[in-house]
Amino acid sequence: MTTTGNDVRVIGFVGLGHMGGGMAARLLAAGYTVHGMSRSRARVEPLIAEGLQWRDTAREVADAADVVFTSIPDDDALKAVASGPGGILAGLSAGKTWVDMSTVSPGGSRDLAALAAARKATLLDAPVSGSVRQVEAGTLPIMVGGDAKAYARVEPILRNLGKPTRVGSNGHGLALKLAINISLGVQMLALAEGLLLAERSGVDRTLALELMTGSAIGSPMLKARAPLILDLPQEAWFDIGLLQKDLVLALDAARGLGIPIGTAAYADEVLTIAHALGYQSRDIAAVFEVLDRVTSQREPTGAD
């Protein structure tokens with residue numbers, strides 16, 4: 001029987017890290033029954049205490065749910081939880097909807113959508129723009145690619161997480177997410193370069209950052225990251241390793257389309273340096289510290 005989002009009460013969630021766990025918490029608070037699994041059960045214990053029903057395999061999650069969500073770091077990890085006798089695909093049956101909120105390659109996502117369709121189920125790619133704060137507030141922009149009827153079914157569920165918009169067919173949500181993250185990386189790098197120029201010219205760092213983010217260049221993302229540049233947190237909102245993964249996906253997609261994205265390529269080079277210095281798990285605001293380190297002889301303060 002086909003149901004609408006308002007009729008769906010049982011949800012599955014595979015991948016309960018910072019982002020996925022926050023989304024699952026919001027769905028539990030909205031009154032849904034949520035079955036879930038992740039790499040570490042210990043990390044999920046707070047959600048289990050809130051009512052999450054733990055399952056040992058991704059297949060069991062998909063089996064139990066009307067709609068199954070995933071939030072997975074990359075293509076390889078997504079394929080791993082999707083495939084095999086214990087994978088999501090094995091648990092999908094006719095009429096079910098799989099909403100993948102991971103940021104992976106558009107082509108890889110379309111391949112999984114075809115495998116889901118072979119089981120008479122539907123996959124939607126639904127990456128989000130934002131970090132843990134937007135998850136907690138339920139304000140995530142959600143870009144959805146895939147079947148219009150399946151989107152209509154899950155749209156009421158997605159509204160518990162933020163503002164969903166269907167942008168086209170399979171892979172289109174991911175293409176738009178990668179387009180956004182090009183700008184995310186380039187903006188962060190440009191601010192870091194400008195701030196370093198101002199500080200090395202003798203302007204107080206805090207004052208320079210305040211005036212820069214209060215000027216015409218002060219996007220919401222840069223304004224939110226400014227305090228993190230001054231006091232880099234140990235726990236990243238969005239880490240350098242994940243941003244670089246997204247930029248590499250964007251570069252691969254651009255090559256396939258025959259378009260140049262030189263600013264993304266340069267940002268990728270800087271993030272490679274950041275990775276070599278041990279910053280891959282630090283927030284992207286650490287780009288300033290990376291540039292500061294490679295252009296001076298001062299001792300490192302941020303890398304582990």
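Pulled fully out, how much extra length does the chain show between Ser83 and Lys223, if you take 0.36 nm times their separation in residues and subtract their Cα-Cα distance? All intermediate terms of the calculation are to be shown ahead of the outcome.
Values: separation 140, 0.36 × 140 = 50.40 nm, distance 4.09 nm.
Going from the current span to full extension adds 46.3 nm.
The count of lysine pairs in the chain whose Cα atoms are under 19 Å apart, excluding pairs fewer than 8 places apart on the same chain, comes to 9.
With both bridge residues required to lie in the chain, what share of the DSSP beta bridges run antiparallel, to the nearest 5%? Before the final figure, lay out each step's value.
Working: 3 of 28 bridges.
Around 10 percent antiparallel, to the nearest 5.
So what is the relative contact order of region 108-240, in percent, for Cα pairs below 8 Å that sit 6 or more residues apart? Working shown, then result.
Values: 142 pairs, mean separation 25.8, N = 133.
In percent, rounded to a whole number, it is 19.
Using the count of nearby Cβ atoms within 10 Å as a rough guide to exposure, how do Arg153, Arg133 rank from fewest to most? Numbers along the way, then the final one.
Numbers: Arg153 24, Arg133 12.
Going from least to most buried by this count: Arg133, Arg153.
Relative contact order for the chain: what percent, with Cα pairs under 8 Å and sequence separation of 6 or more? Walk me through the numbers on the way to the answer.
On the way: 538 pairs, mean separation 40.9, N = 304.
For the chain, the relative contact order is 13 percent.
The GNM of the chain, with springs linking C-alpha atoms under 10 angstrom apart, assigns the highest mean-square fluctuation among Gly20, Gly138, Gly218 to Gly218. Here the simple spin-label model places points 7 Å from the Cα toward Cβ, and for Ile259 and Ala94 these points are separated by 4.0 nm.
With a cut-off of 11 Å between beta carbons, the residues surrounding Ala62 carry a summed charge of +1, where Lys and Arg count +1 and Asp and Glu -1.
Can you compute the modelled spin-label distance between Thr272 and Leu211, with each label point 7 Å from Cα toward Cβ, in nm? It works out to 3.6 nm between the two label points. Taking the chain as a Gaussian network of alpha-carbon nodes connected by springs under 10 Å, the highest mean-square fluctuation of the residues Pro127, Pro73, Pro164 belongs to Pro73.
For Tyr279, Tyr266, Tyr151, Tyr32, what ranking results if the residue with the fewest other Cβ atoms within 10 Å of its Cβ goes first?
Ordered from fewest to most neighbouring Cβ atoms within 10 Å, Tyr279, Tyr266, Tyr151, Tyr32 come out as Tyr266, Tyr32, Tyr151, Tyr279.
Region 238-286 and region 137-157 have their alpha-carbon centroids 27 Å apart. For region 175-294, what relative contact order do you get, as a whole percent, if you take Cα pairs closer than 8 Å and at least 6 residues apart? Reported as a whole number, the value is 38 percent. Between Lys163 and Arg41, the simple label model (points 7 Å from Cα in the Cβ direction) yields a spacing of 4.1 nm. Our note on the geometry: Cα centres of region 46-75 and region 210-226, 37 Å apart. Look at the dipole of the chain built from charges on Cβ: of Ala216, Thr206, Ala150, the Cα furthest out on the positive end belongs to Ala150.
Every number here is computed from the coordinates shown, using simple stated rules; none is lab data. These figures come from a predicted structure and were not determined experimentally. All Cβ positions, even for glycine, are placed from backbone atoms using ideal geometry, and neighbour counts span all protein chains on display.
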